[in-house]
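**Student:** To start, I am sharing the structure in question, which I have written as structure tokens.
Coordinate-derived values only; no laboratory data. Just so you know, these numbers come straight off a predicted model, no measurement behind them. Glycine gets a Cβ as well: all are built from the backbone with ideal geometry, and neighbour counts include every protein chain shown.
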Amino acid sequence: MTEENQIKERGPGPLMMSVYIILFLIIGAVLSITIYKKYFAYPAAKVTVINVFHAQTVRYISRELKKCSLGDATAMKGLLNCSKYNAETVMAAILKTSLDKNPYNTTYNAVRSSSTNINDDDVGYVSLGSSGSNIIIKSCNKTPCKKEENRKQSTVSIN
């Protein structure tokens with residue numbers, strides 16, 4: 001038997017087997033990380049981002065209206081006249097100053113004028129609506145938006 005035939009019969013040597021094992025481990029790690037990010041890490045991050053946007057919007061409205069009650073002439077980067085404002089003018093000023101993007105669809109801003117947060121199309125938005133002298137802030141942080149645990153609602157009085 002020739003030396004070439006002996007090599008073919010024995011199969012790859014220990015060095016090649018080590019290379020195959022290392023390649024298998026690298027490919028497995030890359031796939032695991034990719035799958036983890038796609039199905040676990042990024043969706044959780046999006047939920048957190050929407051919850052933060054919701055809380056920031058509530059705090060921003062409250063803080064800026066406090067400036068008016070303390071005697072400032074304007075609030076919300078000069079877009080809100082403190083001597084005459086209502087829920088609609090406050091919402092208009094917020095929409096002009098909020099530039100955060102919807103993490104589920106970055107084409108659109110996260111803060112919008114809408115009274116709904118129960119449709120799956122509402123995911124990722126912080127929706128502003130008004131009722132009398134109140135601004136109602138609603139959001140849906142993940143689908144399905146019909147599930148109450150996926151939604152938030154807060155109210156800020158503008159009086």
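**Student:** Need the C-alpha centroid separation for segment 32-92 versus segment 113-159, integer Å.
**Tutor:** Here the answer is 12 Å between Cα centres.
**Student:** Another question, then. Kindly write out, for segment 49-57 in residue order, the coupling ³J(HN,Hα) from the Karplus curve 6.51 cos²θ - 1.76 cosθ + 1.60 (θ = phi - 60°), rounded to whole Hz, with x marking Gly and Pro.
**Tutor:** 4, 5, 4, 5, 4, 4, 5, 5, 5
**Student:** Expressed as a rounded percentage, what relative contact order does the chain have, with Cα pairs under 8 Å and six or more residues apart?
**Tutor:** 17 percent.
**Student:** Considering segment 85-138, what Rg and Dmax in Å follow from its alpha-carbon atoms?
**Tutor:** Computed over the Cα atoms of segment 85-138, radius of gyration and Dmax are 11.2, 33 Å.
**Student:** To the nearest 0.05, how large is the calculated FRET efficiency for Lys84 and Thr34 if R₀ is 35 Å and r is the Cβ-Cβ distance?
**Tutor:** 0.05
**Student:** Next question. Nothing charged except the Cβ atoms of Lys and Arg (+1) and of Asp and Glu (-1): what's the magnitude of the dipole of segment 30-159 about its Cα centre? Round to the nearest 20 debye.
**Tutor:** My answer is approximately 260 debye.
**Student:** Under a GNM of the chain (C-alpha, springs under 10 Å), which listed residue has the highest mean-square fluctuation: Tyr125, Tyr104, Tyr20?
**Tutor:** Comparing Tyr125, Tyr104, Tyr20 in a Gaussian network model of the chain, the most mobile one is Tyr20.
**Student:** Between Ile21 and Asn105, what is the label-point separation in nm under the 7 Å Cα-to-beta-carbon projection?
**Tutor:** A separation of 5.1 nm, rounded to one decimal place.
**Student:** Can you work out ³J(HN,Hα) from phi for every residue in segment 103-111, in order, using Karplus 6.51 cos²θ - 1.76 cosθ + 1.60 and θ = phi - 60°, giving whole Hz and x for Gly and Pro?
**Tutor:** Karplus values, whole Hz, x for Gly and Pro: x, 8, 8, 6, 5, 10, 5, 6, 8.
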